[in-house]
1. Considering the options B:Ala31, B:His82, B:Ala123, tell which one lies farthest towards the positive end of the dipole of chain B, charges being +1 on Lys and Arg and -1 on Asp and Glu at the Cβ, about the Cα centre.
2. Pairs of alpha-carbon atoms within less than 8 angstrom and 6+ residues apart define the contacts here; what relative contact order does chain B have, in percent?
3. In nm, what does the list of distances from B:Asp17 to its counterparts in the other copies look like, shortest first, when each label sits 7 Å along Cα to Cβ?
4. Apply the membrane-span-like helix rule to chain B: whole DSSP H runs, Cα extent along the own long axis of at least 27 Å, mean Kyte-Doolittle hydropathy at least 1.0. List the helices found.
5. Taking H as built 1.01 Å from N, whose amide H comes closer than 5 Å to the amide H of A:His100, not counting residues under 5 places away?
6. To the nearest whole number, what is the average tally of beta carbon atoms from other chains within 10 Å of the beta carbons of peptide B:110-122?
7. For chain B, what class follows from the C-alpha gyration tensor (a ≥ b ≥ c being the square roots of its eigenvalues): rounded when a/c is under 1.5, otherwise prolate if a/b is larger than b/c, else oblate?
8. Please compute the length gained on full extension between A:Ala59 and A:Glu149, using 0.36 nm multiplied by the number of residues separating them and subtracting their Cα-Cα distance.
There are 2 protein chains.
Amino acid sequence: MNEPVGAAGPAWDRLPDRLREQGLRWTRQRATLLTVLRASEGHVTGSQLIDRCREIEPATTPSTVYRTLGVLESLGVISHSHGLDGREEFHVRPEAEHGHLICGTCGADAELPAADAASFLAALRRDHGFTARVDHLTVTGRCRTCTTEGSGT
Amino acid sequence: MNEPVGAAGPAWDRLPDRLREQGLRWTRQRATLLTVLRASEGHVTGSQLIDRCREIEPATTPSTVYRTLGVLESLGVISHSHGLDGREEFHVRPEAEHGHLICGTCGADAELPAADAASFLAALRRDHGFTARVDHLTVTGRCRTCTTEGSGT
DNA sequence: CAAGCTATTGCAACATGTTGCATCAAGGAC
DNA sequence: GTCCTTGATGCAACATGTTGCAATAGCTTG
């Protein structure tokens, strides 16, 4: 909760122990997923992760992957948000917390720096008593390009 | 875009004609869904709508309902956003545009008045050239109650 | 009213997750 | 090293949508 978990750093290597400290276990399947996650930059969907795991271990089953992703998320190692269609998108250890700006027209997915949402989130807290999670914030709309191109439509 | 479409008002009654004007058709299945929608306040999920349609017309099939919902959404009659798990939530004719504040702890779903998000959205437009849709904006986090109760946890 | 065009429908199959349950196997105890 | 506890796995079934396609049926024309 307070250690500086570096992106592809030592935090990954200590994962097995972190799990064991919680009474959880380190298994072959989890090692496979870890390998895949370490090689995944940016956002990945659940099915993509499953596909990649199967390249290493063909016997990989969806339920195991999803359940492990849940465990990793509760450990704060990864986080997830939802794409345009509500499908899950996992962020592998975002170096900086960020939200998403997804264009409903072209599908572009831009990162929204936490700082840009800070005052909005602060207002939500002040006015609604609501503590929002930046890394799960997804805003949909139209990106600059699509707005420009479609302006005459 | 400029007519005052009242919640359960005459706009519903003119739906058949609105569809026909676009070269679309008014069918028994759509009438069923319309009946259900008129009786649905607030938010409903796709499967809820299907269930309710089946109460009237047992032969209702999912694909037809989802496709019709898409048509209605493009007409601006309804809109949808995504719940906590990314599942679709349809808003039946929101009188006022609004976003959602969903609590990941208790599941509470509060409405976020468009005005409260206005400056944030304006900033997105200014700084990112991104035109956001308020009615599809879902912010997840912790509501006031859960923040208070869980403060000591 | 009959004919024709084509939007809709319903079905079946698929995609993405989730869940219950019996079985397996980490990892600690002895 | 063996035994045990119980977390994790794999399977099967289900939930929620989505999509391709052939058949159906609105709606306009003549």
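Just so you know, all these numbers are worked out from the coordinates, no wet-lab data involved. The model shown is predicted, which means the values in this text are computed figures rather than measured ones. As a convention, Cβ positions derive from the backbone with ideal geometry for all residues, glycine included, and neighbour counts pool all protein chains shown.
1. B:Ala31
2. With pairs under 8 Å counted, the relative contact order is 18 percent.
3. Copy-to-copy label distances for B:Asp17: 7.5 nm.
4. none
5. A:Leu112, A:Leu137, A:Thr138, A:Val139
6. 3
7. oblate
8. 27.8 nm
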